[in-house]
1. Within the range 102-150, restricting attention to residues that are among the polar types (S, T, N, Q) and under 15 Å from the mean Cα position of the chain (by Cα), which residue is farthest from residue 65 (Cα to Cα)?
2. Under 7 Å by Cβ, and 6 or more places apart or on different chains, what pairs join a residue from the range 167-187 that is within 14 Å of residue 376 (Cβ to Cβ) with one that is charged (D, E, K, R)?
3. Is there a residue in the range 247-257 that is surrounded by 19 or more Cβ atoms within 10 Å (Cβ to Cβ), in contact with a Pro (Cβ under 8 Å, 6 or more places away or on another chain), farther than 25 Å from residue 317 by Cβ and in contact (Cβ under 8 Å) with a residue 12 or more places away in the chain?
4. If you take the residues of the range 206-242 that are closer than 30 Å to residue 145 by Cβ and of a type in the set (Val, Ile, Thr), which of them is nearest to the chain's Cα centre (by Cα)?
5. Please return the ranges of helices (runs of 4 or more DSSP H) entirely within the range 300-373 where 2 or more residues are acidic (Asp, Glu).
6. Given 383, 350, 326, which one is at pLDDT 95 or above and surrounded by fewer than 20 Cβ atoms within 10 Å (Cβ to Cβ)?
7. Kindly establish whether residue 87 is without any contact (Cβ under 8 Å) to a residue 24 or more places away in the chain and in contact with a Gly (Cβ under 6 Å, 6 or more places away or on another chain).
8. Considering only residues that are of a type in the set (Val, Ile, Thr) and assigned to a helix (DSSP H, G or I), which ones fall in the range 89-120?
Amino acid sequence: MASIRSDRRLKILFIPYWYPPRENQNSVSGAFVREHVMASALTDDVRVLAFRMEEDGYSPTARSFYVDEGIEVLDVTVHSGKRSVFRSARLGALWIRYLAEALIRWGRPDLIHSQDMSSFFAARTAGILGVPHVVSQHWTGFMRRALTPRLTELFRRTLPGAKLVLCSNRDAEDDLLAYGIRAETTWLPNSYDPAVFYREPGVHREESLLHVSGFSDQKRVPDILTAFRDALPKRPGAVLHLAGDGEGRDGMEKMACDLLPEGSFVFHGFLSKSELADLMRKTSGFVFPSSAETFGCVLMEAMACGCPVLTTRAGGIPAVVREGEGLVVEVGDTAAIADGMIRMLDGTHGLDTDEIARGVEERFSRPVIAGILHAHHLRAVTGESPAGGAETSEP
């Protein structure tokens with residue numbers, strides 16, 4: 001990426017749809033958005049208005065204000081109840097209230113940066129304030145063709161009016177066109193903190209494998225458990241680590257107990273970023289045979305730690321794990337997954353993990369993505385790219 005010659009720090013208001021709450025910064029939900037916020041803060045003045053909507057009753061609105069690594073965050077959770085005219089009016093009134101608080105506290109931004117469904121509020125706000133608006137598109141709903149008619153209508157209203165739609169999936173333009181949505185799109189990779197995720201030469205790799213996710217259906221955890229069962233006879237001392245949490249975790253723990261010998265697997269729950277990185281530096285391989293991903297942040301993080309990865313060609317994964325950078329299998333091919341597990345465990349995977357880690361740092365580390373984000377933001381505000389533009393490596 002060419003250097004960006006601009007001394008202007010823009011005032012950016014991020015309005016994410018997913019953002020990790022203060023008490024659990026390392027939860028799966030929104031961690032990738034927080035990484036973009038942290039990257040952007042290296043070059044611009046960034047603030048965050050996290051406005052969450054939950055449909056689990058009419059509990060009082062929860063509001064907190066805190067500073068996250070130097071970035072001020074106004075975090076609001078609205079318990080909205082079921083859809084109704086009253087609910088829409090209530091949500092609108094609450095949005096105006098907390099937006100006003102943000103503007104009084106931080107002033108008028110140069111740019112609003114929203115994400116997926118938060119664009120429904122943010123686009124209208126940008127129009128009222130007379131400031132440009134960009135949208136990050138991370139949700140797999142487009143590639144899975146999971147949009148309802150109502151969501152389709154709302155996205156058709158908001159995305160075409162954005163200066164840029166910044167997509168973590170390189171094929172996202174086709175996914176938008178499938179819904180008749182034409183917008184100015186560009187690829188924006190996710191990022192990671194190289195002070196946390198890095199290769200440590202000389203560290204002994206244990207005879208173990210790692211998977212990290214929220215245990216949703218698209219992560220294909222049953223394939224991992226089945227393949228590990230089939231791989232164990234050739235590597236009987238191996239251990240499978242599973243980190244993360246989600247609605248599907250209980251079912252996967254039961255399946256593991258049914259399929260695998262006691263002591264051959266560990267469910268860790270949520271791990272901090274540093275704990276996760278330590279595990280990635282120790283395990284023999286990272287297994288991620290997903291059926292739908294816009295990017296695959298944990299793949300990038302594992303590769304940065306020098307951990308061999310096994311994955312699929314689903315969605316945006318090939319832009320992260322390029323040819324020769326991982327073991328690639330077809331979705332659902334448990335025999336190939338088991339074979340790949342054995343190759344990672346016995347060290348015959350043939351991957352140059354040192355070179356792969358260097359490549360990941362050059363493409364996706366936080367300082368690199370900071371420059372790309374700044375270029376996109378400046379382009380949205382001024383209509384011009386900085387000298388050298390915002391270039392990213394081809395997948």
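1. 140
2. 184/163; 185/173; 187/170
3. No, the conditions are met nowhere in the range 247-257.
4. Among those residues, the one meeting the criterion is 212.
5. Numbers: elements: 317-320, 334-346, 353-364.
In the range 300-373, 334-346, 353-364 are the helices (runs of 4 or more DSSP H) which contain 2 or more residues that are acidic (Asp, Glu).
6. Of 383, 350, 326, the one residue that is at pLDDT 95 or above and surrounded by fewer than 20 Cβ atoms within 10 Å (Cβ to Cβ) is 350.
7. When the stated conditions are applied, residue 87 passes them.
8. Looking only at the range 89-120, we keep the residues that are of a type in the set (Val, Ile, Thr), and these are 96, 104, 112.
Result: 96, 104.
The values are calculated or read from the model by the stated rules, or taken from the named source; none is laboratory data. Remember, it's a predicted structure, so these values are computed and weren't measured experimentally. Positions of Cβ are backbone-derived with ideal geometry, glycine not excepted, and every protein chain shown enters the neighbour counts.
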